[in-house]
Amino acid sequence: MITCNHQSSCGKASVIKYGRFYRCSESRWIQRFHCKSCGAHFSAATGTLEFKQHKRRENLPLMRLLASGVSMRRSAFLLKIDRRTVDRKLIYLAKKAQQRHQDFLQKLKSKVTSLQFDDLITSEHTKMKPLTLSVAVDGDRRTILSAKVGRIPAFGLLADRSRQKYGPRVNDHQKTLKAMFEEIGPTIAPTALVQSDEHPRYPEFVNRYLPGREYRRHPGGRGTIAGQGELKKKHYDPIFILNHSCAMFRANLNRLIRKTWCTTKRAERLQMHIDIFIDFYNRIYLPTKA
Ligand SMILES: [Zn+2]
C-alpha cells in the first residue's frame, strides 16, 4: 500500500497512479503518484536516500572500491566520476550502511556468545593528532558488531610537541567505548564469553554494560609485519578474530594503512568510511567465505 510520500506529506493512502517518467541514468521507468487528499505529486523515488542522485549506477561499484583499499581519488578516476561526487556519495553510502547495520544488529538480539573487543590507533592529518577506533567483533561468526572513532591526545615521544603545536586535545576514548557498548549491548547473550587485552579502562565498561558475563583478559603481543601490526607473533592468539578484523580494517581502508600517504582529514569522514566497510564486510564479503 502506497501512502502519500511528498515532502509536505499528509501520510494518507488516498494515492492514485499518475503517469511515469524515464530515468535515463538507470534506463528505468519510475512510477509517479498523485495524492487525492492533499493534491501532492510525487514518485517512487521521493523520500528515498537516493532521491535526486544522477549517478545511481555507481553506488555499488563505489562501495566495493571504498571497502577494498582504493582511495577516494582513485575511485573517482576508475569510475570516471568527479571526486566531489565520491565525496557526496561517501555520506550517502554511510547513511545506507548505518541503516543496514542497525537491521543486522536487530536480528542478532542476544545471539552473540563470543565477544572480542579492542582499540585500533590511527590519526587525522598528522600523527600528532591520533584517533582511536574501538572495535567489537563476534568471535564465532567473525562479523564486526561495532567500530567507533574518537579523538585522543598524542602519546609517547610526540606528546610534548603535539601540545606545543596544536594545544591540548580532547580525549574521546570513554565516549567511543560507551557508544560501542551501547550499540552492541542488546546483541550479547547472557552466557557470552567476553575477551580483550589488558587495557586498564576495559573492566569498568564490561561490568557496567555486560554484567554477569564471563570476562577474560589476555596480555598483548608483538605485531607481525604481515598483519599490519595487528596480527600477533604468538602461536595461539585468544583474540585472533578481533586482531584479524583490525588487520582487515587496515588492509582494506586505504586511509588506515600504516605509512600511507592517504590520511584521514576529518574524523567524521573516517567514521563514515568505516560504516561502509562494516556493511560491506558483514553483508557482502563474509557470506562468500562461509
Ligand atoms: Zn497527501
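Throughout, read-outs are computed from the coordinates displayed, never taken from laboratory work. Small disclaimer: the values here were computed from a predicted structure and weren't measured. Ideal geometry is used to build each Cβ from the backbone, glycine not excepted, and the neighbour counts take in all protein chains shown.
List, please: which pairs have Cβ atoms under 6 Å, are six or more places apart or on different chains, and start with a residue in segment 81-101 that is over 13 Å from Gln53 (Cα atoms) and end with one that is of a type in the set (Lys, Arg) and in a helix (DSSP H, G or I)?
Partner pairs satisfying both residue conditions: Arg83/Arg73.
Only residues in segment 34-45 that are closer than 9 Å to His6 by Cβ count as the first member; pair them with residues that are more than 8 Å from the ligand (Cβ to nearest atom) and basic (Lys, Arg), Cβ under 9 angstrom, at least 6 apart or cross-chain, and list the lot.
His41/Arg32; Phe42/Arg32
Give the residues of segment 95-129 that are crowded, with 21+ Cβ neighbours inside 10 Å, farther than 30 Å from Gly212 by Cβ and either more than 17 Å from the chain's Cα centre (by Cα) or among the aliphatic types (A, V, I, L, M) (or both), sorted by residue number.
Passing the criteria: only Ala97.
Of (1) in contact with a Lys or Arg (Cβ under 9 Å, 6 or more places away or on another chain); (2) without any contact (Cβ under 8 Å) to a residue 24 or more places away in the chain, Met1 satisfies all except one. Which?
Just one mismatch for Met1, condition (1).
Which condition number in (1) crowded, with 17+ Cβ neighbours inside 10 Å; (2) closer than 24 Å to Tyr285 by Cα; (3) not small (Gly, Ala, Ser) is the one that Asn5 fails?
So the condition that Asn5 fails would be (2).
Pick out the one residue from Phe77, Phe51, Phe21 that is part of a helix (DSSP H, G or I), away from the ligand (no atom under 16 Å from the Cβ) and farther than 24 Å from Asn282 by Cβ. Before you say what the answer is, go through the steps one by one.
Details: Phe51 fails: part of a helix (DSSP H, G or I); Phe21 fails: part of a helix (DSSP H, G or I).
Answer to the check: Phe77.
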